[in-house]
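Some notes on the structure that comes next.
Values in this text are rule-based calculations from the coordinates and carry no lab data. This one's a predicted model, so the numbers in the text were calculated from it and none came from an experiment. Cβ atoms come from the backbone with ideal geometry, glycine included; neighbour counts cover every protein chain shown.
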Amino acid sequence: MCIKKENTDLTVSISVTIITAFVFIFLFLFLGINHRKEDFNDAKKLAVEISRKAAFETQSYLSSAIIIARSLEQRTQLLHKLKGSKKEINDMLKSAIVNNPNFLGVWTLWEPNAFDCKDNMYINDSLYNNQDASGIGYFRYNNKIYTEVMTSAEYMEPYYLSPKELKDEVIIEPYEFYYIGHDQLFFGTTISVPVIVNDKFWGALGIDIDLVNLQKELSKVRPYETGYLSLISNNGTIVTHIDSSLVNKNIFNLLRSSDTLCCNSIKNGTELTLETKSEFTGEKVFRLFYPIVISKGSMPWSMMVEIPIEKTTTSSKQLFIIAIITLVIGFSLLFYLVYNIFERKRYEKTILAAKFEAEESNRLKTAFLNNISHEIRTPLNGIIGFTELLTENNVTDEQKKVYKSIIHNSSNQLLSIISNVLELSKIQSMKIEKIIREFDVESAISKVVAFYNSSADEKGIQIITNYPESEQKTRISSDEDKFKQILSYLVNNAIKFTKSGFVEVGFYNQQESVLFYVMDTGIGIKPESANKIFKFFNQENKSMTRYFGGLGIGLSISKSFIDLLGGKIQFESEPENPAAGKAGGTTFYFTLPNTQQKSKPTDIQNIFPPADFTILIAEDEKHNYILLNEIINNSGIKTLWASNGEEAVNLCKSNPDIKLVLMDIKMPVMNGYEACKIIKSFKNNLPVIAVTANFKPQDISQETTFDSIISKPFKKEELMEIITSVINDEIKKA
């Protein structure tokens, strides 16, 4: 009974859908026929709108020349009042064409002795080719500015006679012309402005405009794809046209003799719309003439728009909207038919997905607990076993040293596991916090790298650092401890999964963030593991856990910290393929917000220490001593050298002028730790800085012995900051 009811409902729904579809299709066709007229009106509106915009752009293109020509005329009037010279006007003209790349030429032509009554003095002037000073011009050709001396023949040209007769600015009908001494033919127009002094015509200033650029711009406008614009001057000259062969021809000769409406519209500068067969394309078109008034002393030009009538019927807003509504209604009805089925399937999939996710979570947590049990038992076994061995009576001193080292390393391993589990607990309970303060990025990276140098050396892997080349250190405001933890997880993983090659750590300054990266030449990550690599309790596979160790939460904690600090993490990887002899590798990138500051550069030459200020360099390697000594060689600071810890202690006892000790840790006779403790026993306030490449985990515990630690390799600026700080303290004491 239920099945029968469902089938009946389905039949009714399909019938309603078909009837509705036919109704809307009929309505669509009916409106399509009746809205054809609307299409024509839309085409007319579009043509008028395009014409207005094109007219405005054309007016702007030419009006800028008119405005500058008026400005030149006004400045000429001012120069006359200030008793300026024609050479000053020439400089003004030259400046105008240099500063206006759209201008083709700028010129002036004077009545005899009109401006300064000094025409005779220019006869021998090379600027005028030893002729009279009737006029001069400057024009642009191949991006160079040339000078043209105006001839007497140009007094009869329209660009001089028209402003002289009208005593008003004019725009000359388009024409072709050359500049004297050059064979390049230009097609353009000229803006001429008269210079009137006391109602007397003294001459004219002109600006030549190249119309080729206008032709290019207007040719780009194609209404309805195949329509076009054409600019026509008042005398019928075609200024621009989509068919460039028609440019500079007269449209009156191309139009049909009976087409007086178009001719009168162009001559009188009136707007005209009509449907006609185009003499240019042979198609039936909608044609519009739109007048353009460029200057008050000239007749208007016209913008002609032609749009093929056939194209105007290809689109209709009303039909488009109705088509969309039809599709929406149709899809809605279809959705109604299948909604119950899909909804039921969706619920089933949701339940199955939730069940799978819960089972997977339980499985991962169980695997994680088993893994933790194994990871904890391993260092505990070392601690308990070797502690028992230490209690035996027959253990030698050398064996005790080895056992203690194993116990120490196992303790650190156990501490690391517990710390990771605690961090995981904080993250999952949403109790993780951040402490924002400014810190030195390079120094933080160097400490992390130094910490892992020994474990990398044991595997024969080199750790490379790559910092931006800059005289200033990069400082950012973030949580330094979490930054170091993030970097530690990534570097530790890189070393762990790299059999040979190198690990590179570096960063780049970006506009709004700092991009950090850790790159290795390890085994890589398979594509199928990419989506789950940042999930808790995940390693790429179980065999990796057994072979490489670890809890599989380092990357998850790193991502949580990076998210907390406002950054993002991603990676690129190429899995290794030993069978094909293909090497692998992985690069992890993460960003932190770039609320950075640049530390001020420290220049040793700008330090002015007290006269007796002496630095003791305790270093057994002579080349390291030479490097330190050279860095501060030009500072005026005295240096002493001790090749071992015992010599350093004796020099500090005998020389009261020593104000700073740069101490290597690993030295013969007496190491840096022992020497530092002895020196502090009789000179507690003497700063002792460890300068060492042997920065191991145990060095961190000794950091309280030294005033500071500089990890090799170091940058000059890092050493300078410490020396400057000590000198400043000495100056304050004095």
Problem set entry | Other-chain or far-sequence residues with amide H under 5 Å of residue 463's (modelled H) | 503
Seminar exercise, completed: The rounded separation in angstrom of the Cα centers of the stretch 438-490 and the stretch 658-685 is 26
Exercise. If we count other beta carbons within 10 Å of each Cβ, what is the order of 359, 157, fewest first?
Worked result: 359, 157
Exercise. Using the 10 angstrom Cβ neighbour count as an exposure proxy, how do 183, 520, 457 rank, fewest first?
Worked result: 183, 457, 520
Seminar exercise, completed: Per principal axis, largest first, the Cα atoms of the stretch 437-598 extend in Å by 48, 30, 25
Problem set entry | Relative contact order, percent, the stretch 162-207 [alpha-carbon distance under 8 Å, six or more residues apart] | 36
For this session: Kindly provide the trypsin sites (Lys or Arg not before Pro) of the stretch 176-233 that DSSP labels as loop, not H, G, I, E or B, and whose Cβ sees at most 16 other Cβ atoms within 10 Å.
Result: 220
Problem set entry | Fewest-first sequence of 51, 71, 60 by Cβ atoms within 10 Å of each Cβ | 60, 71, 51
Exercise. When only Cα pairs under 8 Å and 6 or more residues apart are kept, what is the percent relative contact order across the stretch 38-315?
Worked result: 19
For this session: Let me know the shape class of the stretch 38-315, please: from the alpha-carbon gyration tensor, a ≥ b ≥ c as square roots of the eigenvalues, rounded when a/c is under 1.5, otherwise prolate if a/b is greater than b/c, or oblate.
Result: prolate
Seminar exercise, completed: Among 216/277; 53/164; 434/680; 400/559, the pairs whose Cα-Cα distance exceeds 31 Å are 53/164; 434/680; 400/559
Seminar exercise, completed: The answer for GluC sites (Glu not before Pro) in the stretch 429-489 that fall in a DSSP coil and have at most 16 neighbouring Cβ atoms within 10 Å is 433, 469, 471
For this session: With a 10 Å radius around each residue's Cβ, average the other Cβ atoms per peptide and rank 301-309, 565-573, highest first.
Result: 301-309, 565-573
For this session: Arrange the peptides 238-250, 73-85 so that the one whose residues have, on average, the most other Cβ atoms within 10 Å appears first.
Result: 238-250, 73-85
Problem set entry | residue 85 paired with residue 270, simple spin-label distance in nm, labels 7 Å along Cα-to-beta-carbon | 5.6
Exercise. Expressed in nm to one decimal, what extension gain is obtained for the pair residue 145 and residue 293 from 0.36 nm per residue of sequence separation less their Cα-Cα distance?
Worked result: 50.2 nm
